[in-house]
1. It is to be established whether one or more residues within the range 32-42 are out of contact with any strand residue (DSSP E or B) (no Cβ under 6 Å at 6 or more places or on another chain) and not in a helix (DSSP H, G or I).
2. I want to confirm something. Restricting to the range 61-71 and keeping residues that are exposed (fewer than 14 other Cβ atoms within 10 Å of the Cβ) and either of a type in the set (D, E, K, R) or touching a helix residue (DSSP H, G or I) at 6+ places or on another chain (Cβ under 8 Å) (or both), which single residue is farthest from Val26 (Cα to Cα)?
3. When you check Leu19 against the structure, is it assigned to a helix (DSSP H, G or I) and either surrounded by 14 or more Cβ atoms within 10 Å (Cβ to Cβ) or free of Cβ contacts under 8 Å to residues at least 12 places away in the same chain (or both), yes or no?
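Please treat every number below as a calculation from the coordinates, not as lab data. What you see is a predicted model, and the numbers here were worked out from it, not measured in a lab. When we count neighbours, we look across all protein chains shown, and the Cβ atoms used for this are built from the backbone with ideal geometry, even at glycine.
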Amino acid sequence: MTTDNNQDHRTQPSEAPFLTLHTAVVLLTAAAIGGCIGVLTLFTHVPLAAAVIAGLTATGASIPVLRSLIR
């Protein structure tokens, strides 16, 4: 019994990842920042919708900054 089929998989080039490591780190960090801002905003006794909007705004605003800082 030969294992030629297993060797064929190793010689084929692998596909590119869906997200690069840089993109994943930037998005994960931005989501963490947005979550923290949303929770801190919620602690100030504002409506939930306002806290969600604050968190989403912080997430969106931090992405370009993190993209340039994390290399």
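1. The answer is no, given that none of the residues of the range 32-42 is out of contact with any strand residue (DSSP E or B) (no Cβ under 6 Å at 6 or more places or on another chain) and not in a helix (DSSP H, G or I).
2. Looking at the filtered set, the residue picked out is Arg71.
3. no
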